[in-house]
Amino acid sequence: MPDSNRLSIRVGLSLVICAGLAACSSFNGASTRLASIVTPYQIDVVQGNVITREQVELLKPGLPRQSVRDLLGTPLLQSVFHSNRWDYVFSFRHKGEEPQLRKLTVFFKDDVLERFDADPMPTEAEFVASLDYGRKSAKVPVLEASEESLQKFKQAAKTPEPAAATPTTLPPLPASYPPLEPVKP
């Protein structure tokens, strides 16, 4: 390739690069508008044991330790130095918002619930509604059966099942089985 061609290619590439750099500064405002429209997806993060108001209402002094574990689940924090105290911590973070932190501390005396301290907890319905935050919800269908469909179901339940086929007889089991390992003489 002659030197004049190489020089013209280099000059042309240099001009294209300079024009591209100059164009970047003119699109500065457009790039910020585009970035505000196109954002990465951020998921809602739930961490810890979800404790609802209904669960807290079931806590009563005098419950055995195992009943508290059955009701609330395994505690998130269980200190070796404070064996009579369980801490349940729950946090929930929506995209672009500060995390919501809820705590419940349960105190035991002689393996029986003595008292508990709790932040205001959401009801189960409130928590489920917060999971659908920002989503378009479709219309929920009515979950009721008509009288006709109930009658059809009852009739189908009343009809006798066809008689089961008579079981076939199996051959008798052998009196002895061959050894698992070969017998050595």
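The values are calculated or read from the model by the stated rules, or taken from the named source; none is laboratory data. Note that the structure is predicted; figures quoted are calculated from it, not measured. FYI the Cβ positions are ideal-geometry reconstructions off the backbone, even for glycines, and counts take in every protein chain you see.
Brief remarks on what is shown
- Top-ranked residue of the stretch 85-125 - restricted to ones that are under 15 Å from SER67 (Cβ atoms) and β-branched (Val, Ile, Thr), ranked as surrounded by the most Cβ atoms within 10 Å (Cβ to Cβ): VAL106
- Within the stretch 45-93, the residues that satisfy the criterion of being under 25 Å from the mean Cα position of the chain (by Cα) and either acidic (Asp, Glu) or assigned to a loop (DSSP other than H, G, I, E, B) (or both) are ASN49, VAL50, ILE51, THR52, GLU54, GLU57, ASP70, GLY73, THR74, PRO75, LEU76, ASP87.
- One residue from ALA125, ALA129 being more than 30 Å from PRO40 (Cβ to Cβ), under 32 Å from the mean Cα position of the chain (by Cα), assigned to a helix (DSSP H, G or I) and modelled with pLDDT of 75 or more: ALA125
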